[in-house]
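Here the structure comes first, spelled out in structure tokens, and everything after it is commentary.
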Amino acid sequence: MSPSRFIIALLAVVALFIPRLLCAGTLDDAPFRVVLPGTDWKIEDSTAQPMGKDVFLVATISNTNTLLKCVIIKAVLKETSDSSLGELCAGMRDSLDNPAVKMISEADTTFLGHKAKIFAYQITQGAQTTYNEATVSVIQGKGWTIACVGRPDQKAEIKKIIGFYRKKAG
């Protein structure tokens, strides 16, 4: 399984089955900083959590009152090219080809001024359905997947989470 496919498969598992991770990964080398809007939001980013070869869960962000979550996954790419984003997105599409997943949309976007894709989808496991928006980008030789998760009735709040990310100065 390619790193991008592995990222997406584990992303779905992390978002659904791990309510709160004890350790996540460092954001020191991230091209962004996270600005939380209030004290009900918490970030866990103390230690990189390996998910596979050159793939790491680097942080989880959660809201203690609303159960909204966001996971940040980093893939260290051996080489980057014009096709790197397309390859990561192909892995995302492959992982969403699952009976439990209902694809809603895929669109071009930008993230911190870089080309990106955003995938909106729902995952249903038993009686629980989650709405997910995953932004995939390649910046400075690394693939970044930022997946925001909540209940389907929280779509508006989920869309706001990507606004927590700011480009690092310098």
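The values are calculated or read from the model by the stated rules, or taken from the named source; none is laboratory data. A quick note: this is a predicted structure, and the numbers were derived from the prediction, not measured. Methodologically, a virtual Cβ is constructed for each residue, glycine included, from the backbone with ideal geometry; neighbour enumeration extends over all protein chains shown. We work out accessible area using only protein heavy atoms, side chains counted, and drop any ligands, DNA or RNA first. Shrake-Rupley method; radii C 1.70, N 1.55, O 1.52, S 1.80 Å.
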key: Residue pairs meeting the criteria (Cβ under 9 Å; at least 6 apart or on separate chains; first free of Cβ contacts under 8 Å to residues at least 60 places away in the same chain and open to solvent by less than 10 Å² (accessible area, probe 1.4 Å), in the range 60-73; second part of a loop (DSSP other than H, G, I, E, B) and among the aliphatic types (A, V, I, L, M))   = none
ask   = Out of all the residues in the range 120-127, is one or more more than 18 Å from Leu67 (Cβ to Cβ) and touching a residue at least 60 places away in the same chain (Cβ under 8 Å)?
value = no
ask   = For the subset of the range 74-88 comprising residues that are touching a strand residue (DSSP E or B) at 6+ places or on another chain (Cβ under 7 Å) and either touching a residue at least 60 places away in the same chain (Cβ under 8 Å) or in a strand (DSSP E or B) (or both), which member is most open to solvent (accessible area, probe 1.4 Å)?
value = Thr80
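Does Ala134 count as open to solvent by less than 50 Å² (accessible area, probe 1.4 Å), within 22 Å of Pro37 (Cβ to Cβ), within 13 Å of the chain's Cα centre (by Cα) and without any contact (Cβ under 8 Å) to a residue 24 or more places away in the chain?
Values: open to solvent by less than 50 Å² (accessible area, probe 1.4 Å): yes; within 22 Å of Pro37 (Cβ to Cβ): yes; within 13 Å of the chain's Cα centre (by Cα): yes; without any contact (Cβ under 8 Å) to a residue 24 or more places away in the chain: no.
So Ala134 does not fit the description; no.
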inquiry  = Return the residues of the range 112-152 that are assigned to a strand (DSSP E or B), modelled with pLDDT of 95 or more and of a type in the set (D, E, K, R); say none if nothing qualifies.
reply    = Lys115, Lys117, Glu133
query = In the range 89-108, what residues are open to solvent by 40 Å² or more (accessible area, probe 1.4 Å) and out of contact with any Lys or Arg (no Cβ under 9 Å at 6 or more places or on another chain)?
reply = Arg93, Asp97, Asn98, Pro99, Lys102, Ile104, Ser105
Test: residue in the range 41-64 that is modelled with pLDDT under 90, part of a loop (DSSP other than H, G, I, E, B), at negative phi and in contact with a Leu (Cβ under 7 Å, 6 or more places away or on another chain) = yes
task = Within the range 17-40, identify whether any single residue is touching a Pro at 6+ places or on another chain (Cβ under 6 Å), within 22 Å of Ile139 (Cα to Cα), surrounded by 18 or more Cβ atoms within 10 Å (Cβ to Cβ) and modelled with pLDDT of 80 or more, and answer yes or no.
result = no
